[in-house]
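Structure first, then comments.
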Amino acid sequence: MTTYRLQVNGKQHAVDTDPDTPLLYVLRNDLELSGAKFGCGLGQCGSCTVLVDDQPAMSCLVPVSSVGRRAVRTVEGLGTGDKPGVLQQAFIDEQAAQCGYCIAGMIVQATALLERTPRPTDAQIRAHMSPNLCRCGTHMRILRAVRRAADVLAKQPAGAKR
Amino acid sequence: MDLPRRKRHVGRWLLAAAVVLACVAFAIMWRPAITPQTATPSFDQARIDRGANLARLGMCASCHTPDLAKPFAGGKPMETPFGTVHSTNITPDNDTGIGRWSLEAFTRSMRKGVSRDGHLLYPAFPYNHYTRMTQADIDDLYAYFMTRPAIHAPARDNDMIFPFGFRPLVAFWNVLYLDDSAWQPDPKQSAEWNRGAYLADAVAHCAACHTPRTMLGGPDLSRPLDGGEAEDWYAPALNARSPSPLPWTRQQLHTYLRTGIAEDHAAAGGPMQDVVMHLSQADERDVAALSAWTHSHLAQAPARATPAQQAGSLPTPKADDPDLQRMQTGYALYANACARCHDAGRGVGSGAALPLQKAVALYDPDPRSLIHLVDEGIAPPDGEPGRWMPGYRTILTGEQTGALAAYLRKYGAGQPAWPDLDDAVRKARAP
């Protein structure tokens, strides 16, 4: 057991765990942030996607020992039930969830896109979202939700919070 | 000016020499336009079908179809040491494609690298290979392209480094590298081998990536199939210098070229995925011939003792390793990320992965392909089914990728460290 200091959603945490523990397990079990899901455990489905220093990462494949000082963000950091973030609201408006298991990963993956490419083309959205799978088949709604969020953000004044 | 008689003589000779040189240069560089055709001839279906197969074997779409919605309309940017070249529209559109190109104009472009209007094409278009196609095959390809849907798509401007924007300079490249003599079979070899040799050279242009290039961007003909590069990936040597730790069988090679997966060897990554996608749709007998020819070269590689013969997971770093800390970082990443799929007891295929001591990229003479694989993973070409490996560019720092590659090289392949590893990681991660 080793103590790791992690910055998650802007807060500092100290976690005692083994160095080979995946970041996903630390988030879900130690920090009780259960937004990111365990899907395949092999980096094939994207349901565990979180942001590490603003980059999308499959947290089931990230040993906690390799995170270091990099800042971690999860879907919980993007909004709350009362005040959903723009992407979260867009997913609600498009009714993009069927069973919902993949949705946290989808929203986080899309966050990474819109932060770097605020006005993506449809082709850019498809390419960027391609690592994330939805077994219910709501991909078309998910793509519409990302498009809707991009359009909403484009109408907001510059510097408005996402 | 009143020059002495002798000097005036020299001046006249110099002037004459300059005129002669200018004439020679003009003759080398200038090519006439070919009259545009006003009506497209008709073609019988058998020719079109044969042309379709040749287009797959030649992987024309790989460069000419960057957008699946617009087949053969061109526009793909290709980085070269001389600037960025864009592929052109080869649909039969009259204004922006090859609709007004007669068979004569099409043949000249394939054999000489000259556009219908007389301007010289850049050798990113591998006419130095197509020049050796039979006329019957060029006729069939023409029939195929002239019967594709015409798409209006003007050529994109190239972005060449000075002075390579001046196309006539390509003429001098052609003097050095364009050997347009007819392809010759080797009577000592089988018909299948010769078919494969012809397809590999004149159509599939394997050597365009698998043979190293000279400073001038031409093939280094003293080192055929010695290993080259494609889009910054190392394209492995296909001869005695093959880096593969295990000998290839002909069947493995055939399966690899058809499916992108070879038991005990590799899953196709990077630019080779596109090659495999096209070959999977070509006539299987032709792919068998390509395999026969390629295997005859790969089989020259001597048998070597490598860790690939051993089963099991990769070992922990030795306690007395001079680079222990870095190796431990690499091992931790291997054990906690890679080993989940690549550990012992798995094969290469869907939902499983190659044990890393067998992975060719670990044995390459430089680390570029391994870094690309770790950073970008393997994703099938747009719109195609295929293998998937997650990319770690957003998961690992450059330092971690370097440590992982250094560990895999030493404890996976048992090979001496790559001297240029850190530079290669930096370069691969440069924005």
Search result, residues across segment A:67-100 that are surrounded by fewer than 23 Cβ atoms within 10 Å (Cβ to Cβ) and of a type in the set (Gly, Ala, Ser): A:GLY68, A:ALA71, A:GLY77, A:GLY79, A:GLY81, A:GLY85, A:ALA97, A:GLY100
Selection within segment A:79-107 - touching a Lys or Arg at 6+ places or on another chain (Cβ under 8 Å), touching a residue at least 60 places away in the same chain (Cβ under 8 Å) and in a helix (DSSP H, G or I): A:VAL86, A:LEU87, A:ALA90, A:ALA104, A:GLY105
Every residue from segment B:146-166 that is outside any loop (DSSP other than H, G, I, E, B) and touching a strand residue (DSSP E or B) at 6+ places or on another chain (Cβ under 7 Å): B:ASP159, B:MET160
Filtered residues of segment A:6-43 (kept if in contact (Cβ under 8 Å) with a residue 60 or more places away in the chain and either among the aliphatic types (A, V, I, L, M) or surrounded by fewer than 17 Cβ atoms within 10 Å (Cβ to Cβ) (or both)): A:LEU6, A:GLN7, A:VAL8, A:GLY10, A:ALA36
Those helices (runs of 4 or more DSSP H) lying entirely in segment B:241-355 with at least 1 residues surrounded by 18 or more Cβ atoms within 10 Å (Cβ to Cβ) and modelled with pLDDT of 95 or more: B:250-259, B:271-279, B:284-298, B:324-333
Residue that is surrounded by the fewest Cβ atoms within 10 Å (Cβ to Cβ), among those in segment B:1-47 that are among the basic types (Lys, Arg) and farther than 30 Å from B:ARG148 by Cα: B:ARG5
Checklist (1) polar (S, T, N, Q); (2) more than 24 Å from B:GLU79 (Cβ to Cβ); (3) buried (at least 17 other Cβ atoms within 10 Å of the Cβ) applied to B:GLN184, failing item: (3)
Residue check, B:ASN89 crowded, with 21+ Cβ neighbours inside 10 Å and assigned to a loop (DSSP other than H, G, I, E, B): yes
Filter result for B:ARG368 (at pLDDT below 90 and out of contact with any Ser or Thr (no Cβ under 7 Å at 6 or more places or on another chain)): no
A:ALA127 vs. criteria out of contact with any helix residue (DSSP H, G or I) (no Cβ under 9 Å at 6 or more places or on another chain), without any contact (Cβ under 8 Å) to a residue 40 or more places away in the chain and within 11 Å of chain B (Cβ to nearest Cβ): yes
Residue among A:ASP82, A:ASP93, A:ASP53 that is among the acidic types (Asp, Glu) and under 28 Å from B:HIS342 (Cα atoms): A:ASP53
Any chance B:ALA200 is touching a Cys at 6+ places or on another chain (Cβ under 6 Å) and in a helix (DSSP H, G or I): yes
A:CYS60 vs. criteria more than 10 Å from chain B (Cβ to nearest Cβ) and buried (at least 24 other Cβ atoms within 10 Å of the Cβ): no
Subset of segment B:375-398 (residues that are of a type in the set (Gly, Ala, Ser) and either crowded, with 18+ Cβ neighbours inside 10 Å or not in a helix (DSSP H, G or I) (or both)): B:GLY377, B:ALA379, B:GLY383, B:GLY386, B:GLY391
Residue in segment A:30-40 that is touching a Cys at 6+ places or on another chain (Cβ under 7 Å) and facing another protein chain (nearest Cβ under 10 Å) present: no
Positions within segment A:85-143 being closer than 22 Å to B:PRO390 by Cα and in contact with a Phe, Trp or Tyr (Cβ under 7 Å, 6 or more places away or on another chain), in sequence order: A:ILE103, A:ILE107
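The values are calculated or read from the model by the stated rules, or taken from the named source; none is laboratory data. What you see is a predicted model; the values in this text were computed from it and never measured. Reconstructed Cβ throughout: ideal geometry from the backbone, glycine too, with neighbour counts over all protein chains shown.
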